1. Just to be sure I understand the rule: take each whole DSSP H helix in the chain, project its Cα atoms onto its long axis, keep it if the span is 27 Å or more and its mean Kyte-Doolittle hydropathy is at least 0.0. Which ones pass?
2. With unit charges on the beta carbon (Lys/Arg positive, Asp/Glu negative), name the residue among Ile213, Leu266, Met75 whose Cα is farthest towards the positive pole of the charge dipole of the chain.
3. Provide the per residue accessible area, probe 1.4 Å, for the chain, rounded to a whole number of square angstrom.
4. Please name which of Gly127, Ile291, Leu346 has its Cα lying farthest along the dipole of the chain towards the positive end, using unit charges on Cβ (Lys, Arg +1; Asp, Glu -1) and the Cα centre as origin.
5. Assign unit charges at the C-beta atoms only (+1 for Lys and Arg, -1 for Asp and Glu), then state the dipole size of the chain relative to its Cα centre in Debye, rounded to the nearest 20.
Amino acid sequence: MKLCDLSETQFSQSIRKFASSIFYPLTITLICYLSWAFSLVLLGLGIMTVFFIILMVTQKNSIYSLPLFLLAFYMVPDFNESYYYTAIHLGFCIIAVIYNILVYKIKLKKGGLFYPLIAIFFAAAIGGIVYTTMTYGFWEYIKDVAFILLLTLSFAGGYLFFNNSISLEEIDYKEYISKIFLCVALLVTAEMVTYYLRAGNILSAIANKTLRIGWGNTNTLATVLMMTIPFILYLASRYRYGVFFLICAFLAYAGIWITQSRGCILISTPLLLFYLVYLVLKTKNANRYWIAANAVAYVIGAIVLVIIFRDKFFELFGKMFAKGFDDSGRFELYIEAWELFKKHFLFGSGFFYKTDQIRSFMYMFHSTPLQIFANLGVVGIIAFAYFYYFKYKTLIKGLVGAFGMAIMVSLISLELYGLIDVTLVVYYLAVTTLLLLIIAQKNAQMIKIENTRGKNDSNNKNN
């Protein structure tokens, strides 16, 4: 038997049947939660790596590996310790990918986002070439470039592989992807609940915004939840009685309030209201009435609870309301970023811009555009403009259906929040963005194929 025939064996078919069911992402969710809750990252990553290797050996279609990449980041209680674990497992994963490419003869054709990604990492590689070299020495710059090259291999190489190995034809991909994001929301919510139960005084922990779970803080938690809700709402439109999914979406939105991330609350509320109205208008069956009725019931229920327990409500969220639109020190960072851009106009101060206080990682300016301006200069601005052009060109092509709109709303919410905080340079948000853009590309291709088939069928009937 040839190695490529392994995907047609009974064993591989059983793997595919499990991997395409809801039980698979739920299993990954449980592993991630236990790994996070009991600090078993090494064990969790080991199990994830074994899953990934099995999928690469037995399946030509890499779509079944997406739950691993979209959920694995949220098992990490401490990123500093996990970098070393990740490097080890990444090596095994690369070997598995090479095996999959060679055995299943995957042709690595450059997609529309390949050159924009290369442009971004080229700008990152030469970013700070003057500042870092002059301030901290040439070898410090080389060290930064080495890490940038690793990121380039991971993101550009990952894009090449997934863009050419993901197939949407053998699975209900819209439902599959949406359920993965449902699992992300369930995992993040479970971690939040666990944190507060461990905190002792739950009300005080919420009121004082102490939430920290390792891989993220209150703002990043809210950002992740915000990105999942459109997909959960989409699932509600797919099922006759989608009440369960509507409840999950409502709880995820409530989770954003619990984090007290003012930016995410302000951005998610109108966007999710827009997507709800869109779904009600777009859905053709009786689901539209279920969605509308339940949404109205939840809003009324929330208002009633706030009125009844208004003292507790203001005790929990009083500090957030008192801040209002206060910038929380962001304006000073924005001025600092602008001054850096003016001083290092062409190449910026470097993707890993350092100060005497922060030498180990990026200095965050709490604004993605200003982060690009300060770190990468004019070269970076041109590179990201090139990337954003293809990004939105891809998203607009897939806007025909509710699933394409869910991707757009999810990424737009991330984009808007990125104006007041760093988003695209956070690893798990960058990975999620890239995978969603690949799915958006594939979805646009599927829409084009379906439209062509529809025209051909119409012509055949007329003939």
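The values are calculated or read from the model by the stated rules, or taken from the named source; none is laboratory data. Nothing here was measured: the structure is a model prediction, and the numbers come from that model. Neighbour counts are summed over all protein chains in view; Cβ atoms, including those assigned to glycine, are modelled from backbone coordinates with ideal geometry. When the accessible area is computed, the model is the full protein with side chains, heavy atoms only, and any ligands, DNA or RNA have been set aside. Shrake-Rupley method; radii C 1.70, N 1.55, O 1.52, S 1.80 Å.
1. Details: long enough: 79-103 (36 Å, 1.18); 138-165 (39 Å, 0.90); 173-199 (39 Å, 0.84); 218-238 (31 Å, 1.15); 262-282 (30 Å, 1.66); 287-308 (31 Å, 1.67); 368-397 (32 Å, 0.89); 427-462 (53 Å, -0.35).
Helix filter hits for the chain: 79-103, 138-165, 173-199, 218-238, 262-282, 287-308, 368-397.
2. With unit charges placed on the Cβ atoms, the residue in question is Leu266.
3. Computed with neighbouring chains in place, this is 48 Å² per residue.
4. Farthest towards the positive end: Ile291.
5. For this selection, approximately 1280 debye.
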